[in-house]
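Right, one structure below, let's go through it.
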Amino acid sequence: MVWVPFLIRYRLVSNKKVRVRFAPSPTGDLHVGNIRTALFDWAYARHTGGEFIFRIEDTDRERVTDEYIQAAIDTLKWLGLDWDEGPEVGGNFGPYLQSQRLDIYAEWAAKFLAQGDAYHCYCSSEELEARREAQKKANVAPGYDGKCREISADDLAKYKSEGRKPVLRMRMPDGSTTFTDSIRGEVTFDHNFVPDFVLVRGDGSPLYTLAVAVDDVMMKITHVLRGEDLLSSTPRQIRVYQAMGVAPEDYPTFAHLPFVMGQDNAKLSKRNGEVSIAWYRDRGFLPEAICNYLALLGWSPGEDRENVTMKELTELFTVERVHSSPARFDMKKLEAINGDKIRLLDIEDLLKRATPFLIKDEVITGTPEELAIVKSALPIIQERIATLAEVTPMLKFLFAKNFVIDVQELPKVKEAQAQDVLKKANEVLQDLTDWSHQSIEAALRAALIEGMGLKPRIAFGSVRVAITGSHISPPLFESMELLGRERSLARVAAAIV
RNA sequence: GGCCCCGUCGUCUAGUGGCCUAGGACUCUGGCUUCUCAAGCCAGCUACGCGGGUUCGAAUCCCGUCGGGGCUACCA
């Protein structure tokens, strides 16, 4: 009779509206790993029809800056990960910046102290450091030894006279903590290896361990999907829930996502691959391509599917299909997916996205005339580019004011055979009145292939370099049509020495 | 060192005891097509870390082992 408990469980779960949060600590630009987490949080919220909460964990004022916070907001927006509560949109459980919630943490901290769940610890950093060293030497599990759990009146007076500022420590009771991680199953931590941890610094500011647990409870978070690095901090978080008086059935469900790693099996960092999302944006990667690729790191839709839209992602995403093993980031695959996504774009959309790159690269200034040309050229390069940044090398020949042939290509154009081809081409093109790519092709084929008996790649290669300046280009005849009769003729003539 | 997590082609993955002489995708190699580069199509290379069990049968379950990673802060 397995179905009875299943039904009860199902009701319990389905009664509660899902609330998932993405809570980065912006100590730098959001990176690939952060975004993968954000994406899964978002996808899960959308899949379940729940709410996606965006919270900024800026309790470490030394490392989190306003610029990084703004960059995080912008990055999420750019990716299309919209949030229901958080910075800029507000919500009923705000504020959503931890630095603005200090009084809330202070209140709970005072309560924990009064309840005896937490205690003041006067040990100095140096003393702690020394004791840790000793523990290591003695081969004992390192961690706070509980010295200040009981402080004699004399010691207390002494500490105070020394002007020591105490930290607030959570008392970990004997025993163990077991919780069910949706991805890893049942996980148990013996409290012998979870020492009493600090909730509030000597200066009164809260630590992550306090703030994260308080906020998740106060914001009624039902599901915590976050990086695997936080797995071992979960028992501490649960300890705070207990001190807050939260019933076990109201604890959020945890799901610890596997890491995204760099090529060399180390955590992704600047050293082994670019990690900042801004870097990818500036190189012409599409947000939907980044999301699609990142979704495939640690998750798969199954059925040999890979290319999914954002909408399909929200429909298909389930935590059950997330794995527990880490994934390596592969730029080649990202590029392939980016190319696929570019090919799926309609021309108007592609134009809109590619234009900023052409302007930034000073190929165009953005006039309507220029945009019209770009638009008519995009269809012939759409399947030739993998990133938006590649429109520049593909199309710059159309706009060059002082057109010059690539120095590397020059010797080839100067060869006798190439010169013969160009002279012949110049001759027949002069007489050509219908400047359509079909007509250009017909004329050149007749003159160069049939007339001169040359192989197409040889003959057209020379013309290509004369016209586009490079041996890699969009299709030649279309390129000539786009360039126009006058300029095409001028370039062919100019290549004749 | 201790605790915890993880282990299928080079990479991402499918796979939840028989459908697996292990499927798909990226990469790579070869071919077709072809005005270059792409795209597209076809073909090929390459994987269940290792050793024991359990079972008629294991990539799938158990144990051990090895390897990788995380945590071990008044960081998150």
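The values are calculated or read from the model by the stated rules, or taken from the named source; none is laboratory data. Owing to the predicted nature of the structure, the values given are computational and were not obtained by experimental measurement. Here the Cβ positions follow ideal geometry from the backbone for every residue, glycine too, while neighbour counts run over all protein chains shown. The protein model used for the area step is the full one, side chains on, heavy atoms only, and it has no ligands, DNA or RNA in it. Shrake-Rupley method; radii C 1.70, N 1.55, O 1.52, S 1.80 Å.
Residues in segment A:55-77 that are touching a Gly at 6+ places or on another chain (Cβ under 9 Å) and farther than 16 Å from residue A:31 by Cα: A:55 alone.
Among the residues of segment A:1-38, which ones are basic (Lys, Arg) and either at pLDDT below 60 or assigned by TED's automatic domain parsing to the domain that holds residue A:252 (or both)?
A:9, A:11
Counting the residues of segment A:283-308 that are in contact with a helix residue (DSSP H, G or I) (Cβ under 7 Å, 6 or more places away or on another chain), closer than 21 Å to residue A:75 by Cα and not small (Gly, Ala, Ser) gives 12. Every condition in (1) buried (at least 21 other Cβ atoms within 10 Å of the Cβ); (2) closer than 25 Å to residue A:122 by Cα is met by residue A:215 except one, and the failing one is (2). For segment A:202-212, the set of residues classified as more than 8 Å from RNA strand B (Cβ to nearest atom) and crowded, with 21+ Cβ neighbours inside 10 Å consists of A:210 only. The single condition from (1) more than 21 Å from the chain's Cα centre (by Cα); (2) at pLDDT 95 or above that residue A:369 fails is (2). Only one of the numbered conditions (1) within 10 Å of RNA strand B (Cβ to nearest atom); (2) among the small types (Gly, Ala, Ser); (3) in contact (Cβ under 8 Å) with a residue 60 or more places away in the chain is violated by residue A:243, and that is (1). If you go through segment A:228-251 and pick out every residue that is among the aliphatic types (A, V, I, L, M) and in contact with a strand residue (DSSP E or B) (Cβ under 6 Å, 6 or more places away or on another chain), you end up with 2.
When A:231, A:199 are checked against the criterion of being farther than 23 Å from residue A:33 by Cβ and either outside any loop (DSSP other than H, G, I, E, B) or more than 10 Å from RNA strand B (Cβ to nearest atom) (or both), A:199 stands alone in meeting it.
A residue that is closer than 28 Å to residue A:255 by Cβ and more than 9 Å from RNA strand B (Cβ to nearest atom) cannot be found anywhere in segment A:143-162. Among the residues of segment A:463-473, not a single one is within 13 Å of residue A:428 (Cβ to Cβ), among the polar types (S, T, N, Q) and more than 7 Å from RNA strand B (Cβ to nearest atom). Only one of the listed residues (A:414, A:424) is more than 28 Å from residue A:364 (Cα to Cα) and touching a helix residue (DSSP H, G or I) at 6+ places or on another chain (Cβ under 6 Å). That residue is A:424. Would it be correct to say that residue A:222 is more than 8 Å from RNA strand B (Cβ to nearest atom), open to solvent by less than 50 Å² (accessible area, probe 1.4 Å) and in contact with a Lys or Arg (Cβ under 8 Å, 6 or more places away or on another chain)? Yes, satisfied. Taken over segment A:363-387, the residue count meeting the criterion of being more than 18 Å from residue A:283 (Cα to Cα) and within 9 Å of RNA strand B (Cβ to nearest atom) is 1.
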